[in-house]
1. Cα centroid distance between the stretch 15-29 and the stretch 97-141, in Å?
2. Got a sec? How would ARG68, ARG40, ARG103 order by Cβ neighbour count within 10 Å, fewest to most?
3. Show me, for the stretch 10-16, the HN-Hα J-couplings you get by feeding each phi into the Karplus relation (A = 6.51, B = -1.76, C = 1.60, θ = phi - 60°), rounded to Hz, glycine and proline as x.
4. Looking at the chain as a GNM with Cα springs under 10 Å, which of LEU106, LEU124, LEU43 has the largest mean-square fluctuation?
5. Please give every one of the lysines within straight-line cross-link reach of LYS15, meaning a C-alpha to C-alpha distance under 22 Å, and leave out same-chain neighbours fewer than 8 residues apart.
6. Picking from GLY86, GLY66, GLY98, which is most flexible by a Gaussian network model of the chain using Cα springs under 10 Å?
7. Hey, can you grab everything whose amide H is under 5 Å from the amide H of TYR8? Only 5+ residues off in sequence or another chain; H modelled, so Pro and N-termini drop out.
8. Amide H of TRP82 versus every other amide H placed in the peptide plane: which residues, excluding those fewer than 5 positions away on the same chain, fall under 5 Å?
Amino acid sequence: MQVTGKCYCGAVSFKASVDPTRVVVCHCTDCQVFSGAPFRAVLPTPASDVEVTGQANQYIKVAESGNRRIQAFCGQCGSHLWATEGVGEPKTMNLRIGCIEERDQLVPTLQIWGHSAVPWLGQLSTVPVHSKGPSSPLQAD
Ligand SMILES: [Zn+2]
Ligand SMILES: [Zn+2]
């Protein structure tokens, strides 16, 4: 399917042809820290199927194994956009589904690094939900 994505401020955007059955939720601690969220959801997509507009900033993450991964983000608003191989031409872009407009349709089919998943994840469906912000001045953004 065709999707469009952009960072919060719109400085970086992309169009991509994706396989919506390949969405992966990653519970690794690196994804938790990088995203600032309890887990990250990504959609691996061949780099040749992604057309980027604008210039993303890059942070090169070096794993203990020496493996290098480029973490692309907007230099203006800080939104995380994708990750790619840190050596040579990028082959696969792990698109962060939070910045894809069609994210409602991108249902995860696999979870990885489950051993570091936050232990309360399974209880989330029992936590009270407000359809919009609560009446108190609590801000989550
Ligand atoms: Zn931005
Ligand atoms: Zn991860």
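Just so it is clear, none of the values below were taken in a lab; they were calculated from the coordinates. As the structure is a prediction and not an experimental result, all values here were calculated from the model. As a convention, Cβ positions derive from the backbone with ideal geometry for all residues, glycine included, and neighbour counts pool all protein chains shown.
1. With the stretch 15-29 and the stretch 97-141 each reduced to a Cα centre, they are spaced 15 Å.
2. Final ranking by Cβ density, sparse to dense: ARG68, ARG103, ARG40.
3. x, 5, 10, 9, 8, 10, 8
4. The residue with the greatest mean-square fluctuation here is LEU124.
5. LYS6, LYS91
6. In this elastic network of the chain, the residue with the biggest mean-square fluctuation among GLY86, GLY66, GLY98 is GLY66.
7. Amide H to amide H, under 5 Å and 5 or more residues apart or across chains, TYR8 pairs with SER79.
8. So TRP82 has HN proximity to ALA72, ARG96.
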